[in-house]
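What follows is one structure encoded as C-alpha cells, with my remarks underneath.
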Amino acid sequence: MSTWHERLGNLDRRLIYVFLIVGLLVPLIRPIGLPLVIDPMVRAAYGAIDALPDGSLVVFACNVNPGTEAENWPSAVAMGSHLIAKKCKIIVLTLYADGWMYADRFIREVATPLGYKYGQDIALLEFKAGVQNILAAFAKDPVGAFSKDYKGAALSSLPVMQSLKTIKDVKMYYDIVQLESAKAAVAMIEPTGVPVIAAATAVFAPELAPYAASGQIKGFVVGLAGSAAYESLINKPGRATAGMDAQSIGHLVIGVCVILGNIAYGASRRSGKGGAGDVH
Amino acid sequence: MSTDLGVWLGAFMTISLYSVLFKENQFFEAAQSVFVGLAAAHTLVLGYQSIVQSAWQPLVAKGQLALLVPIILGLLLYTRFTKTHGWLSRVPMAFLVGSAAGVSVKAVLTADLQKQIVSSMTLKWSNPNDFVFLLFLLSTLSYFLFLRAKGAPGAVQAGVSVIGTWAMMTAFGAALGFTVMGRLSLLIGRLQFLFGSWIPLIK
C-alpha cells in the first residue's frame, strides 16, 4: 500500500500537462483581467522611442522566427506601431534567413494599414548572411553595405533611403533579438553613438540585463509580459495582453506543482523510503 | 471552425507535435521529420539563392572577377570530404576564423569586457541594489579564485565564496524562471492559434 506522498511524488506527468493546459485555456477563453506590472526596462524602451523627434530615421532589425513568434511578434507590432505613430522613417533589415517573412508581414499587416507607403516611409533590405560582419559593414558604410531591397529593387531608387548617408543619420537601432544579434548590435552599432533598444524572448533576459545596466542598451522588452506591458503603455491591448492572464495562471499551476512535489519529496525522505520519484 | 486548409494543416502539425507529451507515436515522428526536412530544404534554397545572387550573377553578368576568390574558397571547404585533398579545406577555414576574429575582436572586447568593467566600477551608491551587486560580483569572483589563503583570511575567503555560490544559484534560478516563462508563452501562442484561428473559442 503506497503512502500519500508516494502517490503524489509519482503522479502521472500527463495529469500535470492536463492541469497546465486547462489552466492556460480557461483564462484565454474567459479573461480575468489580472493587473499588469510594467518593468522599468520596458518603460525605458518606451521612453527612448517616445523621445525621438517626429520623422526620425530608425533601423528595425526584425529577427523574428517561427520559434519566437509567440513572444516577439507582439512586441514587433507594439513597438513598430509606436515608431509609426512617431512618423519615423523605418529601414527594416533581417540578420537571419527566416526573419524576412516576418519583416514582410510587418510591412503588410502593421505599417501599410497605418498609412505607411513602401519605399517612401519604410523599406526592407535584402538578406545577407553574417550577423556581426553585416552589422560591422553597416556601421561603417550603411549605404554600401546593402545595394538592393528584398524585392531586388535598387535602394537608390527608394525615397526613404535618401536620408541615409552615414550611420549618424540613424537615430535608433531596434533589434528583435535572435541568437547573437543583440551582442552584435552592442558591439558594432552602439559604439557609433546610435542608441540601441531590444525586444527578446524571456530566455535572453539574463543576457541583456548587463548591457542595460551599463547603458549599452537603452531599454528592452522581454517576452510576452514585456510585450503586454508595452501594449499597455501605447494603450493598444493586443495579443500579448490577451495572453497575460494565461501566463500568470500557468505560473501559478507550475508553482503549486513545485511546492507539492517538494512536500512529497520531503515527506518521503522523512519516512525513510528515499525521495518519492527518486531515480534508482 | 476554420475553412482555411493552411490553418487545418497548422493545427494538425501542432497537435501531432504536442502528442509526444502523451506518448511517442507515429504522428509525432512524422511531424518532427516534416519540420526537420522543411528547415533543411529552406536553408538549402536560401543558401543557393544567396550564392547565385551575391556571387554567381555578378561574376557572370558583370564580370566581377574578384568574386572568384570567395567562390574558390567556398568550394575548397568541400575538399574535407576527400582523404587526399582534405588539407585544402584548412585554407578557407583559416580565412573564416581570421576574418571573423579581425572584425569582431576589438568591438567585442570593448563591448563585453571594457564597458562592462567600467559599468561595474562606476556604481551609483544612492541605489541599494548597487551594494547587493558589488557583494555578488566580488563573492562570485572569489568563488573562482582557486588559490586559498591560510588561516583566518582563508576562512573569510571560503565564507565569501559561499555567498558567491548563492549569487550564482540566484542567477541560474532567474535564468530557469525566464526559460519556463518563455516556454509557457510558446504554448500560449499555440493555444491562441488552435482556439482562436482553428476553433474560434477565444474572442
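The residues listed here are B:91, B:105, B:156; of these, the one that is of a type in the set (Val, Ile, Thr), modelled with pLDDT under 90 and under 26 Å from residue A:137 (Cβ atoms) is B:105.
Inclusion of residue B:77 among residues that are more than 26 Å from residue A:148 (Cβ to Cβ), surrounded by 12 or more Cβ atoms within 10 Å (Cβ to Cβ) and of a type outside the set (D, E, K, R) is warranted.
Listed by position, the helices (runs of 4 or more DSSP H) inside region B:1-86 whose residues that are in contact (Cβ under 8 Å) with a residue 24 or more places away in the chain and within 14 Å of chain A (Cβ to nearest Cβ) number at least 3 are B:5-18.
Among residues of region A:205-218 being in contact with a Gly (Cβ under 9 Å, 6 or more places away or on another chain) and surrounded by fewer than 24 Cβ atoms within 10 Å (Cβ to Cβ), the one that is nearest to residue A:141 (Cα to Cα) is A:218. For first residues located in region A:178-205 and more than 10 Å from chain B (Cβ to nearest Cβ) and modelled with pLDDT of 90 or more, partners that are buried (at least 24 other Cβ atoms within 10 Å of the Cβ) and part of a loop (DSSP other than H, G, I, E, B) and lie 6+ apart or on another chain with Cβ distances below 6 Å form the pairs A:181/A:63; A:181/A:95; A:196/A:217; A:198/A:177; A:198/A:217. Scanning region B:172-203 for residues that are part of a helix (DSSP H, G or I) and more than 7 Å from every other protein chain (Cβ to nearest Cβ) returns B:172, B:173, B:176, B:177, B:183, B:190, B:193, B:194, B:196, B:197, B:198. For region A:229-251, the set of residues classified as more than 10 Å from chain B (Cβ to nearest Cβ), crowded, with 21+ Cβ neighbours inside 10 Å and of a type in the set (Gly, Ala, Ser) consists of A:229 only.
Based on this model, can you work out whether residue B:101 counts as without any contact (Cβ under 8 Å) to a residue 40 or more places away in the chain, more than 9 Å from chain A (Cβ to nearest Cβ), out of contact with any His (no Cβ under 7 Å at 6 or more places or on another chain) and under 19 Å from residue A:191 (Cα atoms)? So residue B:101 passes the test. Of the set (1) part of a helix (DSSP H, G or I); (2) loosely packed, with under 12 Cβ neighbours inside 10 Å, all apply to residue B:92 but (2). The residues of region A:125-168 that are away from every other protein chain (no Cβ under 14 Å) and under 25 Å from the mean Cα position of the chain (by Cα) amount to a single one, A:142.
If you check A:61, A:70, A:129, A:97 for being closer than 19 Å to residue A:188 by Cα and either modelled with pLDDT under 95 or not assigned by TED's automatic domain parsing to the domain that holds residue A:190 (or both), only one passes: A:129.
Among the residues here, residue A:6 does not qualify as more than 23 Å from residue A:155 (Cβ to Cβ), crowded, with 20+ Cβ neighbours inside 10 Å and of a type in the set (D, E, K, R).
The values are calculated or read from the model by the stated rules, or taken from the named source; none is laboratory data. Treat the numbers as computed from the prediction; the structure is a model and nothing was measured. FYI the Cβ positions are ideal-geometry reconstructions off the backbone, even for glycines, and counts take in every protein chain you see.
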